[in-house]
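S.K.: Let me begin by handing over the structure; questions about it come next.
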Amino acid sequence: MVEGLSTGLIAIGAGLAIGLSAIASAMAEKAIGAAAVGAMAEKESLFGKGLILTVIPETLVIFGMVVAILILGLAA
């Protein structure tokens, strides 16, 4: 019983790690994307910078996935 509970809590922790990092990334990307579109509407040469700044928050999801994989490694 205790072993099953600990495995379940590890799975919940891994899910929270990737889920919360994805939500934080989405919130950051929303603000950056709106600002980037506004800047590109005024000056089209800012497309490259806007694209790069829009992609940067996605690294948060990658870090969350790495943490989730490390947490799931505890279950083995």
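The values are calculated or read from the model by the stated rules, or taken from the named source; none is laboratory data. Every value quoted in this text rests on a predicted model; they were computed, and no experiment measured them. As a convention, Cβ positions derive from the backbone with ideal geometry for all residues, glycine included, and neighbour counts pool all protein chains shown.
S.K.: Against the definition (part of a helix (DSSP H, G or I) and either at pLDDT 90 or above or exposed (fewer than 11 other Cβ atoms within 10 Å of the Cβ) (or both)), how does A11 come out, yes or no?
M.R.: Spelling it out, it is not the case that A11 is part of a helix (DSSP H, G or I) and either at pLDDT 90 or above or exposed (fewer than 11 other Cβ atoms within 10 Å of the Cβ) (or both).
Conditions (1) surrounded by 14 or more Cβ atoms within 10 Å (Cβ to Cβ); (2) under 30 Å from L72 (Cβ atoms); (3) among the charged types (D, E, K, R), marked per residue:
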{"position": "I23", "(1), (2), (3)": "no, yes, no"}
{"position": "K30", "(1), (2), (3)": "no, yes, yes"}
{"position": "V37", "(1), (2), (3)": "no, no, no"}
{"position": "P57", "(1), (2), (3)": "yes, yes, no"}
{"position": "L60", "(1), (2), (3)": "yes, yes, no"}
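S.K.: Determine, yes or no, whether L46 is in contact (Cβ under 8 Å) with a residue 24 or more places away in the chain, more than 14 Å from the chain's Cα centre (by Cα) and part of a helix (DSSP H, G or I).
M.R.: Considered against the rule, which asks whether it is in contact (Cβ under 8 Å) with a residue 24 or more places away in the chain, more than 14 Å from the chain's Cα centre (by Cα) and part of a helix (DSSP H, G or I), L46 comes out as no.
S.K.: For segment 49-72, name all the residues that are under 19 Å from the mean Cα position of the chain (by Cα), in a helix (DSSP H, G or I) and not β-branched (V, I, T).
M.R.: Across segment 49-72, the qualifying residues are G50, L51, L53, E58, L60, F63, G64, M65, A68, L70, L72.
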